[in-house]
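Heads up, the thing below is written out as structure tokens.
Since every read-out is calculated from the coordinates, none of them should be taken as a lab result. Being a predicted model, the structure only gives us computed values, none of them experimental. Quick reminder, even Gly has a Cβ in these numbers, built from the backbone with ideal geometry, and neighbours come from all protein chains shown.
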Amino acid sequence: MLKVTIASILVLSVALPLAGCNKHAPPTAATATPAPNTASQPQKDMNHPLSKPSAVVDLTGIAKAEGGKTVAQVFAEREKLAGKPVTVRGKVVKTNAGIMGTNWLHIRDGSGAEGTNDLTVTTNGAVPNIGDTVLVTGQAALNKDFGMGYAYPVIVEGAEVKVEASGAM
């Protein structure tokens, strides 16, 4: 049985913003205003501070995977790809290991505009390095909302990730 105490709530209210899991900076006395009601507004992964790339990665020269899609194509064709396997080649721009029992990658290939140029991938395999060129194959899923600002219009889940070239990071 879950036992919630005032102390545990206070600890979480301090720990989550410090861990970067709060979309907004903690208010100060001068800036404290009520947060807008965003429960009915769609969230985009690109709005969350942790979705930003960890480093600047050179995206030139990334060839589309044979029989695969570009990042922009996955976004553009997401309705058609839902529930189907998809293969994408890109460079790793961000990683988060062991979150909710899986590893999370953000890959880019130089295609797409802001909001459609960063594909989130989950895997149970090894976590590649930032800057690595990877070939990922997994199932496309739509409109995944994990709360706390982590909402994805398209995500590749349970991917097999093959490192094709190591990044120099």
Problem set entry | Formal net charge of residues neighbouring residue 163 (Cβ-Cβ distance under 13 Å; K, R +1; D, E -1) | 0
Exercise. Ranked highest first by average number of other Cβ atoms within 10 Å, how do 153-163, 86-96 line up?
Worked result: 86-96, 153-163
Exercise. How many lysine pairs does the range 45-165 hold where the Cα atoms are under 17 Å apart and the two sit 8 or more places apart or on different chains?
Worked result: 12
